[in-house]
1. Specify the residue that is most open to solvent (accessible area, probe 1.4 Å); the eligible residues are those in the stretch 67-89 that are modelled with pLDDT of 90 or more and assigned to a loop (DSSP other than H, G, I, E, B).
2. Give me the pairs: first residue in the stretch 32-49 and of a type in the set (A, V, I, L, M, F, W, C), second residue at pLDDT below 85 and part of a strand (DSSP E or B), beta-carbon distance under 9 Å, and six or more apart or on different chains, which are they?
3. Given the conditions (1) modelled with pLDDT of 85 or more; (2) within 14 Å of Arg17 (Cβ to Cβ); (3) open to solvent by 70 Å² or more (accessible area, probe 1.4 Å), which single one is not true for Ser42?
4. Scanning the stretch 1-39 for residues that are open to solvent by 100 Å² or more (accessible area, probe 1.4 Å) and within 17 Å of Pro59 (Cα to Cα), which turns out modelled with the highest pLDDT?
5. Counting only residues that are out of contact with any Asp or Glu (no Cβ under 6 Å at 6 or more places or on another chain) and β-branched (Val, Ile, Thr), which one in the stretch 61-75 is farthest from Thr19 (Cα to Cα)?
6. Which condition does Ser64 not pass, out of (1) surrounded by 15 or more Cβ atoms within 10 Å (Cβ to Cβ); (2) among the hydroxyl-bearing types (Ser, Thr, Tyr); (3) modelled with pLDDT under 80; (4) within 12 Å of the chain's Cα centre (by Cα), if it passes all the others?
Amino acid sequence: GDIVLLAKPVTLTEGDRVTLTTDVPVATDGTSKPEKLLYAVSLPPVHGQIEHINYPGVPISSYSQLDVVAQKVSNVHDNSHGAGKEALS
């Protein structure tokens, strides 16, 4: 089926961490099993990384919807001064 992904912008400053929740992002694929959705990070943040909270400091390239629901995935900003806006895919 069709996949729908809704994402809201998040603002991070030097050294900040934001935990991804079902508010950012939330996805559905038209089935009744959203917990089976997997995310792949194809374009990671330039000024930081996506990591699993159980493994701080280790960047990850994929995670599941269940990880998001359990609030186990974070976007961590490095300490870059003057980093402008960026997006991840």
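The values are calculated or read from the model by the stated rules, or taken from the named source; none is laboratory data. The structure displayed is predicted, hence computed values, not measured ones. With ideal geometry, Cβ positions are generated from the backbone for all residues, glycine too; neighbour counts draw on all protein chains shown. Just the protein is used for accessible areas: all its heavy atoms, side chains included, with ligands, DNA and RNA removed. Shrake-Rupley method; radii C 1.70, N 1.55, O 1.52, S 1.80 Å.
1. Result: Gln71.
2. Every condition considered, the pairs that remain are Leu37/Ala27; Leu37/Thr28.
3. (2)
4. Leu38
5. First pass over the stretch 61-75, keeping only residues out of contact with any Asp or Glu (no Cβ under 6 Å at 6 or more places or on another chain): 61-64, 67-72, 75.
Now drop any that are not β-branched (Val, Ile, Thr), which leaves 68-69.
On the way: Val68: 8, Val69: 10 Å.
Among those that are out of contact with any Asp or Glu (no Cβ under 6 Å at 6 or more places or on another chain) and β-branched (Val, Ile, Thr), it is Val69.
6. (3)
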